[in-house]
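The values are calculated or read from the model by the stated rules, or taken from the named source; none is laboratory data. This is a predicted model, so every value here is computed, not measured. Every residue, glycine among them, receives a Cβ derived from its backbone with ideal geometry; neighbour counts consider all protein chains shown. In case anyone asks, the SASA skips ligands and DNA or RNA and just uses the protein heavy atoms, side chains included. Shrake-Rupley method; radii C 1.70, N 1.55, O 1.52, S 1.80 Å.
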Amino acid sequence: MGHLKELHRAIKLCEHVLLYGKSVNISLGPSVEADVYTDSSGACAAFISNVDDKNDKTVQFRNASYHLPAWSVSILPDCMNVVFNTAKVTSQKNIVAMIPESLQQSDKGVNSFKWGTVKEKPGIWGKPDFVKNGFVDLINTTKDTTDYLWHTTSIFVGENEEFLKNGRKPVLLIEPKGHALHAFVNQEYQGTGTGNGTHSAFTFKNPISLRAGKNEIALLCLTVGLQTAGPFYECVGAGLTSVKIEGLNNGTVDLSTYAWTYKMGVQGEHQRIYQEDGLNNVNWRSTSKPPKMQPLTWYKAIVDAPPGDEPVGLDMLHMGKGLAWLNGEEIGRYWPRKSEFKSEDCVKECDYRGKFNPDKCDTGCGEPTQRWCLREKGGDPEKVTFARRKISRTCALVPEDYPSVGLLSEGDDKIQNNDNIPFARLTCPSNTRISAVKFASFGTPSGSCGSYLKEDCHDPNSSIVVEKACLNKNDCVIKLSEENFEANLCPGLSRKLAVEAMCS
């Protein structure tokens, strides 16, 4: 069971006195305090906290001694027994493999895999939503009904412009607040600009092809999810702030105050071509060689579900950026760009102590931020695959001083396991069993899940005990009791049980 489920059950044991009792805060020494809840029936629950982010504390509470790791809270639903400590999480850890599965066409009568493709027309489609001099905020305009907002305007180029003679292209300079944009001139794609995970604002600067006469500038601005936390997040905007063209006879032309025509969304989105009743609103081009690296392209395929009953992902690593739908339901945005953090910015082991900050326990540095459709940005649809999420191994690591009162109980309203015996719990996915115990050691094992090692302090009967409790079962519990493990093993040392088991 996950640590949040354990925490929920621990708090549920305190539910009645929390809701109907009275509370008092008691100082137990420097950086340590207890919030105690009592009611008229004599029920009592306590939360003892140590806010020192470096040092463990041992305190006296109601004539009993309690050890609190740094920056932790202990929950005592009866003001005596600790059932949960936030620094002593005993939840199991799984080793997950994403097994690739090629897409299999549902129509078995075709010789090669077929994709349907539709390309969006750049610029305003249908009736414009409004015309305005200058720019609008993207988020306040679309109100999260779509990620996309088209902006179009035009500029007249005289025949005497020097760049028409010397071949030196003018430069389009755009400064948006975020999150990304695609630029088109006279229906031709000119380039893409994006922010990053930390700074959404960016500068787009690209040479563009202009011709004598009227030229249409079409910019598709888009968001990549909206911020939902942090200071003043509701004030964070998106969209254009400045658009200029450099390299004309008159120098730089500022288009920011021009009349801009606006249209929310892209046409395929409006036509709902991702749903069964909207598929026939456009002419899908069937091909076994879909176009690659093409922006604003819709791709469609009818495929069989992969075998098995594991959770399934859609691996979009080789696609650029966009949205994906499955059976008419949007399954999310994707943008598999490399993490901006370098490998040395990540931590091998997370230190929970101290105040939270977003970069405290970064993982996956230097790897794609997403793997798992409308193609906004070019990619290769032929490399899209399913990926089955398969749990091959499961681990548990439990020190003998971890609290466990009440957490063997299937009910949430009473305390069981009153001997306060720590235990390890292993659970395989449904329809699988624990087929082998790869590692088991009670003593002072080192390492982490997938790389545990036996040390000098080791109970030789560890594997026998775990196999007896767990083999051929979907779920099992191993108590760290004297009946299971040697009581006098390594006196004076803090002992723990580490287990790694195979699921199949």
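So which residues in the stretch 124-149 are in a loop (DSSP other than H, G, I, E, B) and within 33 Å of the chain's Cα centre (by Cα)?
Residues satisfying the conditions are F135, V136, D137, K143, D144, T145, T146, D147.
Does N55 meet the test of being farther than 15 Å from N85 by Cβ and not hydrophobic (A, V, I, L, M, F, W, C)?
Spelling it out, N55 is indeed farther than 15 Å from N85 by Cβ and not hydrophobic (A, V, I, L, M, F, W, C).
Just to verify a result, which residue in the stretch 459-504, among those that are small (G, A, S) and more than 28 Å from V96 (Cβ to Cβ), is surrounded by the fewest Cβ atoms within 10 Å (Cβ to Cβ)?
If we take residues in the stretch 459-504 being small (G, A, S) and more than 28 Å from V96 (Cβ to Cβ), then G492 is surrounded by the fewest Cβ atoms within 10 Å (Cβ to Cβ).
Could you list, in sequence order, all residues of the stretch 243-287 that are of a type in the set (G, A, S), in contact with an Asp or Glu (Cβ under 9 Å, 6 or more places away or on another chain) and either open to solvent by less than 20 Å² (accessible area, probe 1.4 Å) or assigned to a loop (DSSP other than H, G, I, E, B) (or both)?
The answer is G265, G268.
Test of understanding: among K214, K205, K292, which residue is out of contact with any Gly (no Cβ under 9 Å at 6 or more places or on another chain) and open to solvent by 60 Å² or more (accessible area, probe 1.4 Å)?
K214
Is one or more of the residues making up the stretch 196-213 farther than 30 Å from V236 by Cα and among the hydroxyl-bearing types (S, T, Y)?
yes
Only one of E175, E159 is within 23 Å of L210 (Cα to Cα) and in a loop (DSSP other than H, G, I, E, B). Can you tell me which?
E159
Condition (residue is more than 30 Å from V437 (Cα to Cα), open to solvent by 20 Å² or more (accessible area, probe 1.4 Å) and at pLDDT below 75) applied to the stretch 373-385: is it met by at least one residue?
Yes.
Is there a residue being under 30 Å from E269 (Cβ atoms) and either modelled with pLDDT under 75 or assigned to a loop (DSSP other than H, G, I, E, B) (or both) anywhere in the stretch 409-431?
no
Does the stretch 420-458 hold any residues that are more than 32 Å from the chain's Cα centre (by Cα) and open to solvent by 20 Å² or more (accessible area, probe 1.4 Å), and which are they?
N420, I421, T444, K454, E455, D456, H458
Are there any pairs with C-beta distances below 9 angstrom linking a residue in the stretch 260-283 that is under 25 Å from T152 (Cβ atoms) and among the polar types (S, T, N, Q) to a residue that is open to solvent by 60 Å² or more (accessible area, probe 1.4 Å) and assigned to a helix (DSSP H, G or I), with the two at least 6 apart or on different chains, and if so which?
So the pair list comes out as Q271/N281.
Could you say whether any residue in the stretch 311-326 is of a type in the set (A, V, I, L, M, F, W, C), in contact with a strand residue (DSSP E or B) (Cβ under 8 Å, 6 or more places away or on another chain), farther than 29 Å from I208 by Cα and part of a loop (DSSP other than H, G, I, E, B)?
yes
Being open to solvent by 30 Å² or more (accessible area, probe 1.4 Å), out of contact with any Asp or Glu (no Cβ under 8 Å at 6 or more places or on another chain), at pLDDT below 90 and of a type in the set (V, I, T): is that true of V110 here?
In short, yes.
Restricting attention to the stretch 324-345, does a residue exist that is of a type in the set (S, T, N, Q), modelled with pLDDT under 90 and surrounded by 13 or more Cβ atoms within 10 Å (Cβ to Cβ)?
yes
Name the residue that is farthest from the chain's Cα centre (by Cα), counting only residues in the stretch 92-107 that are assigned to a loop (DSSP other than H, G, I, E, B) and surrounded by fewer than 16 Cβ atoms within 10 Å (Cβ to Cβ).
The extreme case among them is D107.
Among the residues of the stretch 61-90, write down those that are open to solvent by 10 Å² or more (accessible area, probe 1.4 Å), part of a strand (DSSP E or B) and in contact with a Phe, Trp or Tyr (Cβ under 7 Å, 6 or more places away or on another chain).
V73 - this is the single residue of the stretch 61-90 that is open to solvent by 10 Å² or more (accessible area, probe 1.4 Å), part of a strand (DSSP E or B) and in contact with a Phe, Trp or Tyr (Cβ under 7 Å, 6 or more places away or on another chain).
Hey, does the stretch 10-24 have a residue that's within 30 Å of S392 (Cα to Cα), out of contact with any helix residue (DSSP H, G or I) (no Cβ under 8 Å at 6 or more places or on another chain) and of a type outside the set (A, V, I, L, M, F, W, C)?
No, the stretch 10-24 has no match at all.
So if I check each of K22, K5, K54, which one is surrounded by fewer than 16 Cβ atoms within 10 Å (Cβ to Cβ), among the charged types (D, E, K, R) and over 35 Å from the mean Cα position of the chain (by Cα)?
K22
Take the residues in the stretch 40-50 that are out of contact with any Lys or Arg (no Cβ under 7 Å at 6 or more places or on another chain) and surrounded by 14 or more Cβ atoms within 10 Å (Cβ to Cβ), then tell me which one is farthest from K355 (Cα to Cα).
Out of the qualifying residues, it is A43.
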